[in-house]
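Notes for the one structure printed next.
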Amino acid sequence: MEVSVGAMSTRTRATSVAAVLAAGDSVPPQPRLPYGAGVSSAAVAQLLAQHPVVLAPMEDVTDAPFRRACRRVGAHLCVTELIAAEHIVAGAARARRRLDLAADDRPTAVQIYGANPALLRDAAIVAARDRPVFLDLNCGCWVPKIAQRGAGAGWLRDPAAMVAMARAIVDAVDLPVTVKTRIGYGPESHMPIVDLARRLEDAGVAAIFLHCRTAAMGHAGRADWSWARRAREAVTIPVVVNGDVRTADDVVRALAETGCAGVMVGRGAIAHPWIFREARALWSGGAVPPPPKEMRAGARARENTTDSASGRKSCRLQTSTRRRSPSRRGTKCTR
C-alpha cells in the first residue's frame, strides 16, 4: 500500500501510516538492545563531539572509494549514498553493495529513503544487520522524481506522518536512527522545522541533520543557518547544520553561528575533499596544511562540475573532465 502525499488530511494520513505499518510486518523486528533513545542520542553526540564534520550522503558520489579518499584527508564519520527501501527489501545487488561496509569503511551510517512506511521499516531492519554506526532516514531530498512521489522531502508535506514513520523505525531496530531533512517544503512563509524537531526527538530520533533550505529551493538561493540554531535550541538531541558549507572557514563559522553539534559537508567535498583536514586544523588553532599534491590536479578539473555532482569518474578523485549531459542536470540528490 502506497500512501500518497497531499491526498488526505494530516490526521487521516498519520492514521493510514500506522495502519500500513501494522499490516506490513513482512520482516520480523530485531530484538531491541537494552537502551532507549536517550542513550542512542548520547552515542551519536559523543561521536560528533570527537568528529563534528560529517561527509553528507550524495547519490553517485559518496560510494566506498570516495569515502576512503575523504578519510585519507581528514574525514571520519561518513554517510552512504541514499538507498531505496524497496531495493533493500528485494535484495537488489546495487542496494546490497551499498549496504556492505568493509572494516576500513567505518564509522559509516546508512541512509535509506522511500514513501511507503512499511517498506521503510522493513528496509531499516535489513540494513541494521550490517551494523552501520546509525541509520539515517532521508526526508530531505528535493529532486522532483523522489519528492513528488512522497519520498525524501515529500515527507515534509505531512510532518505528522513523518513522525509516525520515524517512531516505527526507531521501535523496530537496535541502532540509533537519525533524520536528514530540510527546514520546510515551501513556501518560505511556512517553516515547520522547529516544531518538527521537537516531535522527532519525542519519537526517539537520535539526531537531526538539517539542510537549511526549503525543498522548493533545491540548491538555489542561500542556506539560512539561523534555522539550525533555532532547531538546536528547541531540542536536546544533536542537530547538525548543512547547506553552503564549501570551505573550512565555512565549517568553523557554521559551528560558531549555530551552536550545532556538527556540520555536514556535501558538494564542497567533491572539489575539495581535504576540507575535513583543513577544518580540523582551523578549529584546533593549528596551521592549515596545503592540499595533497596528488589531489590538486583532479580538484581543479572537478571545480566546474561540483554543483551538479558530475559522474563517478570525477567524484572518485580522478582527473576526468567529462560532464553529464544537460538533460541529466539536477536529477541527482546531493547535499
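The values are calculated or read from the model by the stated rules, or taken from the named source; none is laboratory data. Owing to the predicted nature of the structure, the values given are computational and were not obtained by experimental measurement. Virtual Cβ from ideal backbone geometry, glycine too; neighbours counted across all protein chains shown.
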Subject >> So residue 130, is it in contact (Cβ under 8 Å) with a residue 12 or more places away in the chain and not in a helix (DSSP H, G or I) >> reply: yes
Original post:
Looking at segment 194-203, is at least one residue under 18 Å from residue 140 (Cα atoms), among the aliphatic types (A, V, I, L, M) and in contact with a Cys (Cβ under 6 Å, 6 or more places away or on another chain)?
Top reply: no
**OP:** Could you tell me whether residue 219 is modelled with pLDDT under 95 and either more than 21 Å from residue 79 (Cβ to Cβ) or not small (Gly, Ala, Ser) (or both)?
**Re:** yes
**OP:** Scan segment 117-126 and give yes if some residue there is part of a loop (DSSP other than H, G, I, E, B) and more than 30 Å from residue 289 (Cα to Cα), otherwise no.
**Re:** no
**OP:** State which residue is modelled with the highest pLDDT when the search covers only segment 122-145 and only residues that are within 13 Å of residue 175 (Cβ to Cβ) and among the charged types (D, E, K, R).
**Re:** 136
Original post:
Within segment 266-287, how many residues are basic (Lys, Arg) and not in a loop (DSSP other than H, G, I, E, B)?
Top reply: 2
**OP:** Enumerate the helices (runs of 4 or more DSSP H) found wholly within segment 182-265, keeping only those where 2 or more residues are in contact with an Asp or Glu (Cβ under 9 Å, 6 or more places away or on another chain), buried (at least 22 other Cβ atoms within 10 Å of the Cβ) and touching a residue at least 12 places away in the same chain (Cβ under 8 Å).
**Re:** 248-258
